[in-house]
Amino acid sequence: MLSLSTEFFPMTEPASLRKLGKTWARLQAAGVSRFSLTFGALGAAQDKSTACLRYLRRVQKTPPPVMHLTCRNQTWASLEKRLSVWRNLGVERVLALKGDDFEPRNDGPNSVVELIDLLVENDFAVSAAAYPDGHPDTANPRWTTSEADWLKRKVDAGADEIVTQFSPRPDGVLRLRDELAQTATPPALKVGLMPIPTWERYVTLSERCGAVVDAGDVVLFEHFQDDEHTSLSLRLAYANARALMLEGLSSFHLYGLNNDRLLLPLVQALKALNQQRRAA
């Protein structure tokens, strides 16, 4: 059965919060069943997540989102306090992340696995992230544990859902699916889809997510006008999702940068494909 979720980066200004609530309402009406809120790496950016959560839950009356949480700049005390607030606002699931440029510290988690341990101890359901094309940090000689080993450790610690980062093609996702199938209790797999309407952004995100840009991608973007790139990016995302659905995958996480105008056509296309397959 087709399952769609999305994520938002948190807003704090009243007008932006109202707009975010309306964005979620449109996506929910279109068939998106769940959303998550991202988490800033440092300082006040982290507080935006809780402020946005409080507004969405108490004013907009949204269902409880999945909250992203990173290890960076966290102490055990700050984590316990934050999780208590989130629990009181109805949060049940947290997406555990290492965070960019994370450095271990003595008074907080030394790895995302330790963060997952804490979340499980506090009775939260836990999601974890995975890079289908390989974690970009693996190029760093300090990276001594493979992405596959880290993923297994996350699952063993209690993560029961894996959400993939952006991947420009289905190959890595299928490899990841096969790796997860070998674990003792395979977690649910939610595949990240992201229409990227500019070439520069496409290259940047591919590199950040460990993917190599195909020569064919270059040709496609060069032969379309800039105002046609949105349509092209939607078609590429749809083609990836279609290939994965033919392989039996049906759960997708839509990255849209708070832009429902970008995501709604993709949601509608996936629903139409799902209906066609069910009727066949």
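The residues in region 165-180 that are open to solvent by less than 60 Å² (accessible area, probe 1.4 Å) and either within 20 Å of Glu228 (Cβ to Cβ) or not hydroxyl-bearing (Ser, Thr, Tyr) (or both) can be counted, and the count is 10.
Based on this model, can you work out whether Val191 counts as modelled with pLDDT of 90 or more, in a strand (DSSP E or B) and in contact with a Gly (Cβ under 7 Å, 6 or more places away or on another chain)? Can you show your working first?
Values: modelled with pLDDT of 90 or more: yes; in a strand (DSSP E or B): yes; in contact with a Gly (Cβ under 7 Å, 6 or more places away or on another chain): no.
Spelling it out, it is not the case that Val191 is modelled with pLDDT of 90 or more, in a strand (DSSP E or B) and in contact with a Gly (Cβ under 7 Å, 6 or more places away or on another chain).
Looking across region 184-233, just one residue is open to solvent by 20 Å² or more (accessible area, probe 1.4 Å), closer than 30 Å to Ala157 by Cα and among the polar types (S, T, N, Q), and that is Thr185.
Pairing each residue of region 57-74 that is on the phi < 0 side of the Ramachandran plot and free of Cβ contacts under 8 Å to residues at least 60 places away in the same chain with any residue that is acidic (Asp, Glu) and open to solvent by less than 60 Å² (accessible area, probe 1.4 Å), provided the two are 6+ apart or on different chains, yields C-beta distances under 9 Å for Pro65/Glu7.
Selection over region 169-182 of residues that are touching an Asp or Glu at 6+ places or on another chain (Cβ under 7 Å) and under 18 Å from Arg208 (Cα atoms) gives a count of 1.
Within region 134-157, residues that are aliphatic (A, V, I, L, M) and assigned to a helix (DSSP H, G or I) reach partners that are open to solvent by less than 50 Å² (accessible area, probe 1.4 Å) and modelled with pLDDT of 70 or more with beta carbons closer than 7 Å, at six or more positions or on different chains, in the pairs Leu151/Ala130; Val155/Thr183; Val155/Pro187; Ala157/Val113; Ala157/Ile116. One residue stands out among those in region 249-258 that are assigned to a loop (DSSP other than H, G, I, E, B) and over 16 Å from Ala29 (Cβ atoms): the one that is most open to solvent (accessible area, probe 1.4 Å), which is Leu257. Hey, does region 81-90 have a residue that's surrounded by 14 or more Cβ atoms within 10 Å (Cβ to Cβ) and either over 28 Å from Gly21 (Cα atoms) or within 16 Å of the chain's Cα centre (by Cα) (or both)? No, that holds for no residue. Considered as a group, the residues in region 35-81 that are among the charged types (D, E, K, R) and under 12 Å from Gly108 (Cβ atoms) include one that is modelled with the lowest pLDDT, and that residue is Arg72. Each residue in region 1-36 was checked for being under 15 Å from Pro63 (Cβ atoms), in a loop (DSSP other than H, G, I, E, B) and either without any contact (Cβ under 8 Å) to a residue 60 or more places away in the chain or under 17 Å from the mean Cα position of the chain (by Cα) (or both), and 2 of them qualify.
Conditions tested, residue by residue: (1) touching a Cys at 6+ places or on another chain (Cβ under 8 Å); (2) part of a helix (DSSP H, G or I); (3) within 23 Å of Pro65 (Cβ to Cβ); (4) at pLDDT below 90.
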{"residue": "Arg177", "(1), (2), (3), (4)": "no, yes, no, no"}
{"residue": "Pro186", "(1), (2), (3), (4)": "no, no, no, no"}
{"residue": "Ser206", "(1), (2), (3), (4)": "no, yes, no, yes"}
{"residue": "Val212", "(1), (2), (3), (4)": "no, no, no, yes"}
{"residue": "Gly216", "(1), (2), (3), (4)": "no, yes, no, yes"}
{"residue": "Val219", "(1), (2), (3), (4)": "no, yes, no, yes"}
{"residue": "Phe224", "(1), (2), (3), (4)": "no, no, no, yes"}
{"residue": "Arg235", "(1), (2), (3), (4)": "no, yes, no, no"}
{"residue": "Leu263", "(1), (2), (3), (4)": "no, yes, yes, no"}
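So for region 239-248 (the condition being modelled with pLDDT of 90 or more, in a helix (DSSP H, G or I), under 23 Å from Val66 (Cα atoms) and not basic (Lys, Arg)), does at least one residue qualify? Scanning region 239-248 turns up at least one residue that is modelled with pLDDT of 90 or more, in a helix (DSSP H, G or I), under 23 Å from Val66 (Cα atoms) and not basic (Lys, Arg). Restrict the check to region 97-108 and report whether at least one residue is surrounded by fewer than 14 Cβ atoms within 10 Å (Cβ to Cβ) and in a helix (DSSP H, G or I). The answer is no, given that none of the residues of region 97-108 is surrounded by fewer than 14 Cβ atoms within 10 Å (Cβ to Cβ) and in a helix (DSSP H, G or I). Here is a list of conditions, (1) small (Gly, Ala, Ser); (2) modelled with pLDDT of 95 or more; (3) crowded, with 21+ Cβ neighbours inside 10 Å, and Ala130 meets all of them except one; can you say which number that is? Tallying (1) small (Gly, Ala, Ser); (2) modelled with pLDDT of 95 or more; (3) crowded, with 21+ Cβ neighbours inside 10 Å, Ala130 fails exactly one: (2).
The values are calculated or read from the model by the stated rules, or taken from the named source; none is laboratory data. As the structure is a computational prediction, the values presented were derived from the model and not from experiment. Cβ coordinates were reconstructed from backbone atoms using ideal geometry, including for glycine residues, and neighbour counts include every protein chain displayed. Accessible surface is based on the protein model in full, side chains and every heavy atom, while ligands, DNA and RNA are left aside. Shrake-Rupley method; radii C 1.70, N 1.55, O 1.52, S 1.80 Å.
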